[in-house]
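Below is one structure, written out as structure tokens; the observations come after it.
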Amino acid sequence: MKKNLRLLSLVGGLIASTSAFAGDLTISAQKVEDLLASSQPVAAYDALLEMNDKVWAKLPLKIRNAQYVQEIYAFRRFKAKEQAVFKPNESHIIYAEPIGFTYGKDANGNREAGFLIDFSLSNAKGEVLLQRSDFLTLNLPLGANNKEVHLNLTVDLTGLPEGQYESHYVIKDKYSEKQDKIALPFSIAQ
């Protein structure tokens, strides 16, 4: 009975906090609508950006659209790799879009996003062949609270014999405890 009451209390608290946040967003959305109705498009856009920042801050770190590519030009502009088959000694280029990361500042006080990336490699049986913590550090300079951010990961697996593999990445937010994982299967073949 006590467990049920605790669970009920926890659920009630979660609903109340979610409702409070949803109410805050409803108020923000109404502010945008009111500003548009009163012919204040710049102020409406600024209010929309402020609302977007509120939502962003509540998101967990998630990596979307992670895939092997041949080249990366810009956010959502890349030449996709049709199959995840690599020749021996061919570099792996990975495009990924992080959302929900925390904004920070570099040593000079400039706004940036920062990521620490752990890497591991497993074979077709799931056995871990290679594992490296903080394998890669990425610091992305930002002019504002940019959200259209992409990661460009290049991994050199020179010497890996032909076969089936899976690469695993833990992307850790440099400015918070947020993190997400991605796994990308691939094969090495002539």
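Only the coordinates and a few stated rules stand behind these numbers; no lab work does. This one's a predicted model, so the numbers in the text were calculated from it and none came from an experiment. Please note: Cβ atoms are built from the backbone with ideal geometry, for glycine as well, and neighbour counts cover all protein chains shown.
Measure nothing but the geometry: give the 0 to 90° angle between the long axis through the Cα atoms of 2-37 and the longest principal axis through the Cα atoms of the chain, rounded to 10°. Helix 2-37 and the main axis of the chain meet at about 80 degrees. Gain on full extension, evaluated as 0.36 nm per residue between residue 156 and residue 53 minus their Cα-Cα distance, stands at 33.5 nm. The GluC sites (Glu not before Pro) of region 100-186 that meet both conditions, a loop assignment by DSSP and at most 14 other Cβ atoms within 10 Å of the site Cβ, are 127, 148, 162, 177. Kirkwood radius, the chain, all distinct C-alpha pairs, inverse of mean reciprocal distance: 19.7 Å.
Let me know the Kirkwood hydrodynamic radius for region 34-143, please, with Cα pairs as the basis and the value in Å to one decimal. One over the average 1/r among Cα pairs gives 17.6 Å for region 34-143.
Under the 0.36 nm per residue contour assumption, what length would be gained going from the current alpha-carbon distance of residue 45 and residue 146 to full extension? Don't skip to the answer; put the middle values down first.
Values: separation 101, 0.36 × 101 = 36.36 nm, distance 1.48 nm.
Fully extending the segment from residue 45 to residue 146 adds 34.9 nm.
In a DSSP loop and with at most 14 other Cβ atoms within 10 Å, the GluC sites (Glu not before Pro) in region 50-82 are 82. Here's how it looks for residue 136: its modeled amide H is under 5 Å from those of 117, which are all 5 or more places away or on a different chain. Restricting the trypsin sites (Lys or Arg not before Pro) of region 72-135 to loop positions (DSSP other than H, G, I, E, B) with no more than 14 neighbouring Cβ atoms within 10 Å leaves 76, 125. Straight Cα distances below 29 angstrom link residue 31 to the lysines 54, 58, 62, 147, with same-chain residues fewer than 8 positions distant left out. Start at zero, step by 10 Å, and the Cα-Cα distances of region 47-105 spread as 19, 35, 27, 15, 3, 0 percent across the bins. As a length-normalised measure over Cα pairs under 8 Å and 6 or more apart, the relative contact order of region 25-105 settles at 30 percent.
Defining a contact as two alpha carbons under 8 Å apart and six or more residues distant in sequence, what relative contact order in percent does the chain show? Walk me through the intermediate numbers first.
Working: 335 pairs, mean separation 40.6, N = 190.
It rounds to 21 percent for the chain.
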